[in-house]
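What follows is a set of notes on a single structure, which appears directly below.
Please treat every number below as a calculation from the coordinates, not as lab data. Note that the coordinates shown come from a computational prediction; the quantities given were computed from them, not determined experimentally. Cβ atoms come from the backbone with ideal geometry, glycine included; neighbour counts cover every protein chain shown.
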Amino acid sequence: MGPQILKKFYSCTIESILTGCITAWYGNCLASDRKALQRVVRTAQYITGAKLPAIQDLYTRRCQRKALKIVKESSHPSHRLFSLLPHGKRYRSAKSSGEDTTKGFFQELVSVLLSYVCKSFRRSSKVLDFHHPHQLREGLEGFSLDLPDQPENLEQLLVDCRDTLKYGVKTGHPRFFNQLSSGLDVIGLAGEWLTSTANTNMFTYEVSPVFILMEEVLLRKMQEIVGWSEEEGDGVFCPGGTMSNLYSVLLARYHFFPEVKTKGMTALPRLILFTSAHSHYSVKKSAAVLGIGSENVVVVKCDDRGKMIPAELESSIITAKDQGCVPFYVNATAGTTVYGAFDPLNAIADICESHGLWLHVDAAWGGGLLMSKRHRVKLQGIERAWSVTWNPHKMMGAPLQCSAILVKKRGLLQDCNQLCAEYLFQTDKHYDTSYDTGDKTIQCGRHVDVFKLWLMWKAKGSEGFESQVNKCLENAEHLFDKIKQRPDFELVFKSKPEHSNVCFWYIPPSLRKMPPGPERNRRLHEVAPKIKAKMMEQGMAMIGYQPLGDKVNFFRCVFSNPATQTEDVDYLLEEIACLGHDICIRIETNL
């Protein structure tokens, strides 16, 4: 074989190697891989005695041919090889292939998202890659939050998408225990994608026919599960439990004092509402937003388990009346945020009926237990409520946000909120305008939150949701039982958890034999924040902590992610114990 033929042979061989991998791989390959290719070139040069093209030259030639092929096929001009073409040819391709460009971008983005979903379920991956705000703001590894004057190319947008996910928190990770809403339901995710693609608005049937009907079906199903009759029930999906609770106060006030809609609070007496010491802060916020005033929210005492004490409620109502105030509303909680406690609904309903007050049940967290035959008894009496908040994005695992306000009295939402904007809610439309539901909300534009839940319900059925809820509470019982057996942990309360909340302290060795008192509390108060800080730096798990009343900082572990297994619960305890032992030794050394 002659030198020229041999040279051509090795050139083709090397280029063949590059052909198979270089366009997708060379730019990101390891240095060791590039050196291996260079050795092939040097060997060929030694055999032939002739200088061969450099690897980079071969790479560029191959890329140019590939780029020309892309142009010929009218593929997307955002391809990384496109930059190798002359500007004119690039422009002609861009002009003729806008749709393909968009399609290619979305296909690559879907790959990015699917990769993220897989990582979210992988226990070997981190829950988060934590950086302080100033680090993210200043930019990390080329990730910039600054907005440019000139448009970025689609390749850069894909990089930005990857970085956004990289530096975020994987709330679907089996070891994310930090929030009441966790998990990543792939059916719900598909529903959210479709919803965003449809990009419509939930105010009239004419622009959202299918979703309006889905909302009606879902609300009716949820009302049946609560226990209301076919003649009862109304509601809307709204942005979160706080808004749902605000609706309940708004409706209660209008029910008793309809003149408030036109005359405002000046026409009303001093109104008082009641909620428990362990209730969600949104009740006070609602009073502030609606002009009632947070000082007119009476906080009712709870027992050690976090349940409202009915006798204290009645005493507070009588006191308010004696002071010349007008009680009108009681909020009972089914599943408190920290302890997961359930207020005694029947006893509270009796008091409300006796005094003629509106009973609202905030079941944002606990409403999911209605799906379980085993656990729905904890909400016994909820059917007596005038309104109910229920967040399927919590225990039912729907993607955020997915929250409903359910109202027993039909037509009240419409009467309270309707203003008949003629550019939207004409009465002479060619269809049944009772399906133009937008005027019974306090919003105009309203996001479609129903489809993802509807699709999940179709995929799981009611029985699937029941199994999911039961599993979450079984995980809580497993953690509770494990903690009871360990000397390095202490439960905040000794009784079995009612919900999937488990509250506990990690007890450092130096505090295990120390008697209760201010010094022990002071030192114990420092433990949970330091453990969490270290846990977030390592990124392998995430859990919340807080003080409550006279109790110093303690961990609150909540289970709403069906992907979490008992092995993840065991891992969490060992991780806290390991980090706590390490950190607390340093704390004690510095005392």
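The simple spin-label model puts a point 7 Å past each Cα toward its Cβ; for Lys484 and Lys261 those points are separated by 5.4 nm. 3J(HN,Hα) along region 554-567, derived from phi through the Karplus expression 6.51 cos²θ - 1.76 cosθ + 1.60 where θ = phi - 60°, amounts to 9, 7, 10, 9, 10, 10, 9, 9, x, 6, 6, 10, 4, 5 Hz, with x in place of Gly and Pro. Could you grab the relative contact order for region 210-447? Cα pairs under 8 Å, six or more apart, rounded to a whole percent. Once normalised by length, the contact order is 23 percent.
Whole-Hz Karplus values for region 116-132 come out as 5, 4, 4, 5, 4, 8, 8, 5, 6, 7, 6, 5, 7, 10, 6, 9, 6 Hz, taken residue by residue from phi with 6.51 cos²θ - 1.76 cosθ + 1.60 and θ = phi - 60°; glycine and proline positions read x.
When the Cα atoms of region 246-405 are aligned to their principal axes, the ranges along those axes come out at 46, 33, 24 Å in descending order. Compared with the alpha-carbon gap, the fully stretched path from Phe143 to Glu463 is longer by 110.8 nm at 0.36 nm per residue. Mean sequence separation of contacting Cα pairs (under 8 Å, at least six apart), scaled by the length of region 459-590, corresponds to a relative contact order of 28 percent. Note on Gln565/Lys301: beta-carbon distance plugged into 1/(1 + (r/R0)^6) with R0 of 45 Å gives a FRET efficiency of 0.70.
Rounded to the nearest angstrom and listed largest first, the equivalent-ellipsoid semi-axes of region 459-590 from its Cα gyration tensor are 29, 16, 12. Computed from the C-beta positions of Glu224 and Lys513, the FRET efficiency with R₀ = 60 Å rounds to 0.65. Counting every other Cβ atom within 10 Å of each residue's Cβ, Trp390, Trp365 order from fewest to most as Trp365, Trp390. Ordering Cys503, Cys420 from the fewest to the most neighbouring beta carbons within 10 Å gives Cys420, Cys503. Applied to region 271-282, the Karplus parametrisation 6.51 cos²θ - 1.76 cosθ + 1.60 on θ = phi - 60° returns per-residue 3J(HN,Hα) values of 8, 10, 10, 10, 8, 7, 5, 9, 6, 6, 5, 5 Hz, with x for Gly and Pro. Give the shape of region 95-140 as rounded, prolate or oblate, defined through the alpha-carbon gyration tensor: a ≥ b ≥ c are the square roots of its eigenvalues, a/c under 1.5 means rounded, and otherwise the shape is prolate if a/b is larger than b/c and oblate if not. Note, shape of region 95-140 comes out oblate.
Rounded to the nearest 0.05, the FRET efficiency derived from the C-beta distance between Cys325 and Thr102 at R0 = 60 Å is 0.50. Distances between placed amide hydrogens fall under 5 Å for Ser403 paired with Cys238, Gly240, all partners being 5 or more residues away or on another chain. Looking at region 196-233, the GluC sites (Glu not before Pro) that sit in a DSSP loop and have at most 10 other Cβ atoms within 10 Å of their own Cβ are Glu230, Glu231.
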